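A short worksheet on the structure shown next.
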Amino acid sequence: MVSLMCNWFTDWGRAIREGLGETWLMVLIALFVGITMFLLYSVFLSQLIKPRADRKFKIKWGQLFFAIVFILFTIWFCTLL
């Protein structure tokens, strides 16, 4: 802990970067991007690519929430590099 809770988010990011190293951060970024793309595909694109006349467009809110969380973690890990 460098800043004594004044900026815990930065301290947590610094600890993750020092613990994992740049290579594993890049691996996690690639993993999170892959998971995010899969979640977004299953939420939106699968409805648009294979539309059915008898089915309404439904948004899967749980998957959308997790996709947003993975997007935020990906952006945060990109800023750590």
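Couple of notes before you dig in:
- Nitroxide proxy distance, nm - points 7 Å out along Cα→Cβ at M37 and W12: 2.8
- Report note on the peptides 29-36, 58-65: ranked by the mean count of other C-beta atoms within 10 Å, highest first, their order is 29-36, 58-65.
None of the figures in this text is laboratory data; all of them are computed from the coordinates on show. Small disclaimer: the values here were computed from a predicted structure and weren't measured. Don't worry about glycine lacking a Cβ; one is built from the backbone with ideal geometry, like all the others, and counts go over all protein chains shown.
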